[in-house]
Every structure is written in structure tokens, then in C-alpha cells.
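Okay, structure first, notes after.
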Amino acid sequence: QQLAAHMSAWEGPKEALPAAIHACTRCPLHQNATQAVPGVGPLDAALMIVGEQPGDQEDLAGLPFVGPAGQLFDRVAEAAGLRRQEAFVTNAVKHFKFSPRGKRRLHQRPNSGEIEHCRWWLDAERALVKPKLILALGATAAEALTGTGADILRRRGTVEQLADGTPVLLAVHPSFLLRLPDPAERERQMALFEADLRRAVEMVA
Ligand code: URA
């Protein structure tokens, strides 16, 4: 990572990428997190799934999407026929950002500067995996990939093209679904989310 500091893109051998992410001090978020959480999955995956950042449980486990949002994702993915083990699953930001509240650690959204700093690693993962399709979950992933996280509810279900031609299918973040208080609206948004995951499966088939 020190060596890589002068490079405009990460150029190490692919086996070294997780360790380089673990050693990252590009922004202050590493100071309070337990560890960085690099992406996991086959490096030849056709589908790359990008979330926001590790949550409390991911920070402790060192793996993406293992907490409540990941469990919801897994349930909907199964219904949609999306096999998560076949995808490369990662986050826009690799360290957990939180504020301490007693014994709890309350999730805080990464800001644009943190997203921009960490895009270095997302770009490195993209360059390695070269996915056929990226599924962006939520506004932070949308911002990291497309430059803006605005209007995710309007953009969800649509495909945007990145500069290198990679299509990005936009979807909401599963924790948005977990937070929806109205059962009817939650059901509606869950159905849309499932349809988006189904579309991702069809697009990489
Ligand atoms: N939310 C995310 O965006 N990513 C995770 O890994 C966990 C929760």
C-alpha cells in the first residue's frame, strides 16, 4: 500500500489485494474499525455485487453481508434464483464507520470523501474481476460507481453504463427494506428488489 501510493491504480498481484486492503490507511476510518472487509468470491465471477460498507457484524467477522442486511439479501436472492457464492460480493467502503453509543456501535453513512478514497480499492477489485454486470445496492454503491447516489428510488431497476462499458444495475440497499415501517410499502419494495435481483440473474446468464 505504501509502495502503491504513487500509482494511479493498484497494480499488485491479485493474491495480494485482500492484504493490501487490510493494510489500508488511506482515510481515517481504519482507526476505529476492527479490520477492513475486502470483497469475497470467485475472481472470474460474472456478477459483482457492491454494498455500502461493512456493518457491525461484518467488521467483526471480516466478511461482507453476514449481518441482518446480508441475511435479508440472502433470502431474497434465493427467491430470485441468485446464487451468491457465484458472485463477487464487496462494498464501496471497506471499513465500518460508526459512532459509539454505550456498548453499541451505531452505523454512520460514509461521506463522499470516504467513498472517493475507497474507490481506489473498488476499482482494483473491478479490474481484477472484470464482471459482466455490477449490481449496486443503495445510494453509496451508486455514488461510488456512477458518481451520484441521488434518486436511488427513481433509478432502481435501471441499468447505467460505466466509462469502461460495464453495465450497472441499480437496486435499493437491503437495510432500506429492513427500516421501512409500513408493511404494505415494505412488501412492495421487497417485490421490486426481488425483481431487480432476478434481472441481474438474467443479465449474466
Ligand atoms: N451493509 C452493507 O452495505 N455491506 C455489508 O457488508 C453489510 C451491510
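Could you list, in sequence order, the residues of the range 24-40 that are touching a helix residue (DSSP H, G or I) at 6+ places or on another chain (Cβ under 9 Å), free of Cβ contacts under 8 Å to residues at least 60 places away in the same chain and either within 22 Å of residue 200 (Cβ to Cβ) or more than 15 Å from the ligand (Cβ to nearest atom) (or both)?
Of everything in the range 24-40, those that are touching a helix residue (DSSP H, G or I) at 6+ places or on another chain (Cβ under 9 Å), free of Cβ contacts under 8 Å to residues at least 60 places away in the same chain and either within 22 Å of residue 200 (Cβ to Cβ) or more than 15 Å from the ligand (Cβ to nearest atom) (or both) turn out to be 25, 28, 37, 40.
When you scan the range 88-205 for helices (runs of 4 or more DSSP H) that lie fully inside it, which ones turn up with 3 or more residues that are surrounded by 14 or more Cβ atoms within 10 Å (Cβ to Cβ) and away from the ligand (no atom under 16 Å from the Cβ)?
In the range 88-205, the matching helices (runs of 4 or more DSSP H) lie at 112-129, 183-204.
Could you go through the range 65-85 and let me know if any residue there is among the acidic types (Asp, Glu), touching a Phe, Trp or Tyr at 6+ places or on another chain (Cβ under 7 Å), within 12 Å of the ligand (Cβ to nearest atom) and over 23 Å from residue 161 (Cα atoms).
Among the residues of the range 65-85, not one is among the acidic types (Asp, Glu), touching a Phe, Trp or Tyr at 6+ places or on another chain (Cβ under 7 Å), within 12 Å of the ligand (Cβ to nearest atom) and over 23 Å from residue 161 (Cα atoms), which makes the answer no.
Among (1) modelled with pLDDT of 95 or more; (2) part of a loop (DSSP other than H, G, I, E, B), where does residue 8 come up short?
Result: residue 8 fails condition (1) only.
Being within 19 Å of residue 14 (Cβ to Cβ), within 9 Å of the ligand (Cβ to nearest atom) and touching a Leu at 6+ places or on another chain (Cβ under 8 Å), is that true of even one residue in the range 46-64?
Checked the range 46-64: at least one residue is within 19 Å of residue 14 (Cβ to Cβ), within 9 Å of the ligand (Cβ to nearest atom) and touching a Leu at 6+ places or on another chain (Cβ under 8 Å).
The values are calculated or read from the model by the stated rules, or taken from the named source; none is laboratory data. Values in this document were obtained by computation on a predicted structure and should not be read as measured data. Note: ideal-geometry Cβ built from the backbone for every residue, glycine included; neighbour counts use all protein chains shown.
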